[in-house]
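Here's the structure we're looking at; comments come further down.
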Amino acid sequence: MIPYGRQDINQADIDAVVEVLRSDFLTQGPAVPAFEKAVATYCGVQHAVAVNSATSALHIACLALGVGKGDIVWTTPITFVASANCALYCGATVDFVDIDPPTYNLSVERLAEKLGEAEKYGKLPKVVIPVHLCGQSCDMAGISALGQQYGFKIIEDASHAIGGRYNDEPIGNCRHSDITVFSFHPVKIITTGEGGMALTNNVELAKRMRLLRSHGITSDEADMHPRPPEELWNYQQIALGFNYRMTDIHAALGLSQMQRLDEFVAKRHAIAKRYNRMLSSLPILTPWQHAVSYSSYHLYVIRLQLNKINKTQRQIYEAIYAEGILVNLHYIPIYRQPYYEKTGFSAGYCPQAEQYYSEAISIPMYPGLTEAKQDHVLNVLRKVITS
Ligand SMILES: *Cc1c(COP(=O)(O)O)cnc(C)c1O
């Protein structure tokens, strides 16, 4: 069986985890700040807050930006549900901006149009969450210019994109956003098992996110409320937070994986280059790349040109799957999910997203995909698509 994505764990990763297991601290020890520092340095950002998932990072990022009841958050429909759910956790409502046909990322033109309309009705978003689909950056300069004009904040959901670059700078430097979020789930670029991180250059946002990841509790004297001097207060809860902490076991794995981040992304590029070349004769579209983007290539999505193929998308998907190649679909437009349809969305809302959904298939892409395995994938694809 060949999965669409999988982790790459070496002896150094295992040793790093074992070392924590033998140490004094399994959580709230030195590995978490060391991992945060390594990611912040790599990305060229001031502050990094490690948490137990990207979903948690998105939640506390929204809360830190003040998202609450009555607020509106916009994102792309072609993403994992967590990009939208974070706003609902805060009591806000979510709306979707259609995608840009060549990159499959949130379209800046559609965003500009929708903002113009929303302004008329007093329904402007408080936060917009662009997602760097497959690891290719959104047009962040365009989105942040609109943010300045319309006054919304920006959270980059870069769950796919650590190790990627935009305009020759690392994704995660928050040049065009308030907060950037990474995921360290095993299918992503580097892993901690489960884990995530929120990055920012704003010290206040970093402080609020640190508070929220650990119950809203502080032991910093400067933040504590005055109490009579004879009372003992070794900590105070000053906000309603959560237990979203990352453990040192997870952080040690992440820190060890950071050493091979560039190598992982280079391998993904080599695989993509080979796919691009070998797939050029089939009736499919390979991933188009913007000149200013260096993708982390979390995913390799092909688009079927169904008018030139004798089968449906579902038939092709199932035929490849039946050969032991565990292809996937990233993603069904979020608003088509039954939970979101219940809130009033229906088919047809974002035509480009739906067109993409009806043609996309993610084929295997991970550093451990050997040329022999990739050749097998290519042979199966050729057979299924052309027969
Ligand atoms: C994986 C993913 C998430 C959620 O990440 P977790 O770490 O599993 O919570 C959020 N957004 C996108 C785009 C993702 O791919």
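Counting DSSP beta bridges in the chain, what percent are antiparallel, to the nearest 5?
Around 60 percent antiparallel, to the nearest 5.
Checking the Cα-Cα distances for K114/K267; K126/K207; K120/K342 against a 28 Å cut-off, the pairs over it are K114/K267.
Normalized C-alpha radius of gyration of the chain, against 2.2 N^0.38 Å?
Numbers: Rg = 21.7 Å, N = 387, 2.2 N^0.38 = 21.2 Å.
Normalised by 2.2 N^0.38 Å, the Cα Rg of the chain equals 1.03.
Remark: the stretch 311-369 carries 46 Å² of accessible area per residue (probe radius 1.4 Å; ligands, DNA and RNA excluded). The slack in the chain from D168 to A266, taken as 0.36 nm per residue of separation less the alpha-carbon distance, amounts to 33.8 nm.
Taking the 1.4 Å solvent-accessible surface of the chain as the whole, the part contributed by carbon and sulfur is 52%.
Keeping every protein chain present and rolling a 1.4 Å probe, give me the accessible area per residue for the stretch 173-305 in Å².
The answer is 47 Å² per residue.
A simple packing score, the average count of other Cβ atoms within 10 Å per residue, orders the peptides 195-203, 342-350 as 195-203, 342-350, with the highest score first. Here the stretch 256-298 is scanned for amide nitrogen atoms under 15 Å from the site 7 Å beyond the Cα of N307 along Cα-to-Cβ, giving 283-285.
Compute the angle between helix 203-213 and the longest alpha-carbon principal axis of the chain, please, reported from 0 to 90 degrees and rounded to the nearest 10. Once rounded, one gets 90 degrees. Taking the helices alone, the chain has a mean residue ellipticity at 222 nm of -11500 deg cm²/dmol, built from -39,500 (n - 2.57) per DSSP H run of at least 4 residues and averaged over all its residues.
The calculated P(r) of the stretch 256-387, using every Cα pair and 5 Å bins from 0, goes 2, 9, 17, 20, 18, 14, 11, 6, 2, 0 in percent. Distance between the modelled labels on D223 and K123, one decimal in nanometres: 3.7 nm (7 Å Cα→Cβ projection).
Compute the acute angle (0 to 90°) between the alpha-carbon long axis of helix 313-322 and the principal axis of greatest extent of the alpha-carbon atoms of the chain; round to the nearest 10°. The angle comes out at about 80 degrees.
The values are calculated or read from the model by the stated rules, or taken from the named source; none is laboratory data. What you are looking at is a predicted structure, and each value in this text was computed from that prediction instead of being measured. All Cβ positions, even for glycine, are placed from backbone atoms using ideal geometry, and neighbour counts span all protein chains on display. We work out accessible area using only protein heavy atoms, side chains counted, and drop any ligands, DNA or RNA first. Shrake-Rupley method; radii C 1.70, N 1.55, O 1.52, S 1.80 Å.
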